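Taking it in order: structure first as structure tokens, then the write-up.
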Amino acid sequence: MTSDIAAILAIDGIATGAVYALVAIGTVLIFTVTRVIFIPFGDIAAFTALTLAALDAKRDAKRFPGTGALVVILACLATLIEIISLVRAGETRLLPRALLFYLVLPVAVVGLAWLTMRADPPLAVRLVLALMLITPIAPLLDRIVFRPIADGTVLLLLTVSVALHFALVGLGLLFFGPEGVRTEPLTSLSAEFAGVLVSGQTMLIVIAALVFSGLLFLFFDFTLVGKSLRATAVNRTGSRLMGIRPARAGTIAYLLGSLMAGVSGILIAPVNTVFYDSGFLIGLKAFVGAIVGGMTSYPGAAIGAVGVGILESFASFESSALKDVIVFSLLIPILIWRSLASLHSEEEIEE
């Protein structure tokens, strides 16, 4: 391996790690607020890439993405569950708001996307449409799957999350089909740094990761909603006493996480062929990075994810068949280190 090859591999690894960083940060965000290790995070990223590919199809082959049908089905299920919950609790006065948030808004987003797609919109509009279609998925899944068991143990929530991943893989095959997709690069620009040619797509991935990480920092430190999420992450009982509703904080966390997963899918689609089941590896590699940060530190998760990307890049050069084995083997020493370095305490289940 020459220095030029090492530089190319490092740049490629940083770009891949930047995508993993967005997924890792979103995973940590959802976990700290809701205690859910959201395994389907990578599936949402893959669905975004498949959605964008459907929107990018030529006019004669264009069809509305299966994401629209998925969102409508999830919206109907979430609305039904919310109505039953409100009726049982005797809070029927909240029914109009439930219908608005769980049914009207998601269906309106799908309808707006369908009408806009018929006009053959430009790339920028297609990117926005893909994000609009994908953003409601995680909050709706939260209402359907996780909120009824929100007070369960972390192990129970993890088990349900894994089961949800397999369900989404099946739905992905149903709505998107088995074909892999790769979208057009978002930019054709390139630049040379220290004698190494860097594509514009690579630079865009790194810039997007830095921008979103910075926006997330500003959101948590300088907005009331962000501070309420931090309070819920630190102490759910204390935040509830201060008037913060953990369920609402969880919905906001899932909304932000879904948006970050969507951005990750858009960034990775031009550089990797994405299938309906590609999300598992994306999410799992990002999870390795999140473990480096102890599932609590956003900078630690980002640094760990970039490290995973670089390791994967060099491992694929040495042995493409064993690159995933090498990356996931990193989990063993990290988990041992975390287990020895962390203070252990019995999990407290909130009533």
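For residue 198, nonlocal amide neighbours, meaning residues 5 or more places apart or on other chains whose placed amide H falls under 5 Å from its own, are 191, 192, 193. Please find, in a Gaussian network model of the chain (springs between Cα atoms separated by less than 10 Å), the residue of 125, 196, 263 whose mean-square fluctuation is greatest. Its mean-square fluctuation being the largest, the pick is 196. Across 116, 296, the residue with the most accessible area heads the list, and the full order at a 1.4 Å probe is 296, 116.
Under the 0.36 nm per residue contour assumption, what length would be gained going from the current alpha-carbon distance of residue 166 and residue 337 to full extension? Don't jump to the answer; show the numbers that get you there.
On the way: separation 171, 0.36 × 171 = 61.56 nm, distance 2.99 nm.
The span from residue 166 to residue 337 would gain 58.6 nm if fully extended.
Ranking 39, 14, 105 by how far each Cα lies toward the positive end of the dipole of the chain (charges on Cβ) leaves 105 at the top.
Output the relative contact order of the range 1-66, whole-number percent, from Cα pairs under 8 angstrom with separation of 6+ residues. If you can, show how the numbers build up before the last one.
Details: 23 pairs, mean separation 10.2, N = 66.
That works out to 15 percent.
Can you tell which of 289, 262, 238 shows the greatest fluctuation in a Gaussian network model of the chain with Cα springs below 10 Å? Greatest mean-square fluctuation among the candidates belongs to 238. At a probe radius of 1.4 angstrom, the accessible area of the chain per residue rounds to 49 square angstrom.
Specify whether the C-alpha gyration tensor of the range 239-351 places it in the rounded, prolate or oblate class, a ≥ b ≥ c being the square roots of the eigenvalues: rounded for a/c under 1.5, otherwise prolate if a/b is larger than b/c and oblate if not. Here the range 239-351 falls in the oblate category.
Highest GNM mean-square fluctuation among 90, 17, 111, for the chain modelled with Cα contacts below 10 Å: 90.
The loop-placed trypsin sites (Lys or Arg not before Pro) in the range 21-106, going by DSSP, that have at most 14 neighbouring Cβ atoms within 10 Å of their Cβ come out as 58, 62, 63. Placing R0 at 41 angstrom, the Cβ-Cβ distance between residue 88 and residue 217 gives a FRET efficiency of 0.55 after rounding to 0.05.
The values are calculated or read from the model by the stated rules, or taken from the named source; none is laboratory data. All values reported here derive from a predicted model rather than from experimental measurement. Positions of Cβ are backbone-derived with ideal geometry, glycine not excepted, and every protein chain shown enters the neighbour counts. For accessibility, only protein heavy atoms count, side chains too; no ligands or nucleic acids. Shrake-Rupley method; radii C 1.70, N 1.55, O 1.52, S 1.80 Å.
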